[in-house]
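This report concerns only the one structure given below.
The values are calculated or read from the model by the stated rules, or taken from the named source; none is laboratory data. None of the values given here were measured: they were computed from a predicted structure. All Cβ positions, even for glycine, are placed from backbone atoms using ideal geometry, and neighbour counts span all protein chains on display. Areas reflect the complete protein model, heavy atoms only, side chains present, ligands, DNA and RNA absent. Shrake-Rupley method; radii C 1.70, N 1.55, O 1.52, S 1.80 Å.
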Amino acid sequence: MDLRLTVDLPRDLDRMNTLRHILDGALSGLGVSEQARTDIGLIVSETWANVIAHVRVGVAFQVRATVDEIQCVIEVTHPGEQAADTVNALTASGHSLKVVRSLADAVDVDRDGLLMKVTKLL
């Protein structure tokens, strides 16, 4: 089992919901359990809510999901230079980030050029 999905998204909740549903369908087709898919859906939604809450309108981001037999990794990147205020806002411990940390097995913020990397074991 191996899945790689990369989507460039503006700061828009409707498009993130579409991505979440596409990812859920793909995970279901790969035989991932319903509980793991529910957790991953919440992780995607809350990660994106964190971006929406802290990043200025008009900024586009890339969301990448990589799934193998062991884990699902969600990465959020900002093409181009990252403003320090964006990274600082995303590392703040808000409600969305607390939800993500409670569901995920690992959460890295501002590491290796990524704004956020979330790992969920399957």
Quick one: if the Förster radius is 35 Å, what FRET efficiency do Met1 and Lys98 give, using the C-beta to C-beta distance and rounding to 0.05?
-> 0.70
Report Leu121's accessible area, 1.4 Å probe, all protein chains in place, as a number in Å² to the nearest 10.
-> 80 Å²
